[in-house]
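Presented below is the structure to which this report refers.
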Amino acid sequence: MSIYHIPPGGLPAQIDLMTSRAVFTTSYAVLPAGTMRDTVTSTLPHWDKTRLWVLARPLSGFSETFSHYLVEVAPGGGSTTPEPDPQAEAVLFIVAGTPRLTMDGTSHDLAPGGYAFIPPGADWSLTNPGTDPASFHWVRKRYEAVAGIASPSAFVTSDQAITPDPMPDTDAWATTRFVERDDATHDMHVNIVTFQPGGVIPFEETHVMEHGLFVLQGKAVYKLNTDWVEVEAGDFMWL
């Protein structure tokens, strides 16, 4: 069983309450795990036996810079032409199954916790040769080049291979960084933040970086603007 949350799919029972914790404002949005059902899946061209939940896409007032999909590929499915935009970079993070990523001629058999950075213009494909569905997060962004700085290189690693970096003066809050903070070739960062029970961010963050947050495990309470919002595994937030 995956240690990372995967969408429940299916449909709620007819006796379930309609009211949920879903919130959509001009400054933040919360998509609870229970909203990711069969009725709101999408498909993409050139992807076989694949469905996905679109968590965020560039749209004024909601995700202006990136797209975030939660993708499910059935056995035998996938795509040999997954990315139509040569300027798009991407991160794939595997949460279930054993998909195979082929990038610039090299194949990588991935498993839950697998992480791949795909630079703009890369030749890549993804298939599911396994017997179980493969699920992964696909975060896409148009790369913003800077004169005199090379574009980033492709790499494949895993959550398990990276030692979390603890915040100063505490062991209750750590960040798994797949890219060094001072690596200027990268214009986006997709990290995993882990809080131990009782861990807190002891200040209100205010900054220009747009965030998408997906809760992989556990539950927490976030203060978003002036609102305290309870979240759990499978919830997505945009801020």
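The values are calculated or read from the model by the stated rules, or taken from the named source; none is laboratory data. Given the structure is predicted, the values throughout are model-derived calculations rather than measurements. Note: ideal-geometry Cβ built from the backbone for every residue, glycine included; neighbour counts use all protein chains shown. Keep in mind that these areas ignore ligands, DNA and RNA; they rest on the heavy atoms of the full protein, side chains included. Shrake-Rupley method; radii C 1.70, N 1.55, O 1.52, S 1.80 Å.
The rows are residues; the columns are (1) touching a strand residue (DSSP E or B) at 6+ places or on another chain (Cβ under 9 Å); (2) of a type in the set (D, E, K, R); (3) open to solvent by 50 Å² or more (accessible area, probe 1.4 Å); (4) farther than 29 Å from PRO82 by Cβ.
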site: PRO133; (1), (2), (3), (4): yes, no, yes, no
site: HIS137; (1), (2), (3), (4): yes, no, no, no
site: ASP159; (1), (2), (3), (4): yes, yes, no, no
site: ALA174; (1), (2), (3), (4): yes, no, no, yes
site: HIS207; (1), (2), (3), (4): no, no, yes, yes
Just need a number here: residues in region 40-60 that are closer than 27 Å to LEU239 by Cβ and under 19 Å from the mean Cα position of the chain (by Cα). 13
Total residues in region 209-231, condition open to solvent by 100 Å² or more (accessible area, probe 1.4 Å) and without any contact (Cβ under 8 Å) to a residue 24 or more places away in the chain: 4
Within region 56-121, strands (runs of 3 or more DSSP E) holding 3 or more residues that are over 25 Å from ARG37 (Cα atoms): 100-103, 106-109, 114-118
Selection from region 61-81 of residues that are touching a residue at least 60 places away in the same chain (Cβ under 8 Å) and farther than 12 Å from ARG51 by Cβ: PHE62, SER63, GLU64, THR65, PHE66, SER67, HIS68
In region 139-150, which residues are loosely packed, with under 12 Cβ neighbours inside 10 Å and of a type in the set (D, E, K, R)? GLU144
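Of ASP159, ASP165, which residue is in contact (Cβ under 8 Å) with a residue 40 or more places away in the chain and either charged (D, E, K, R) or touching a Leu at 6+ places or on another chain (Cβ under 6 Å) (or both)?
Values: ASP165 fails: in contact (Cβ under 8 Å) with a residue 40 or more places away in the chain.
Being in contact (Cβ under 8 Å) with a residue 40 or more places away in the chain and either charged (D, E, K, R) or touching a Leu at 6+ places or on another chain (Cβ under 6 Å) (or both) holds for just one of ASP159, ASP165, which is ASP159.
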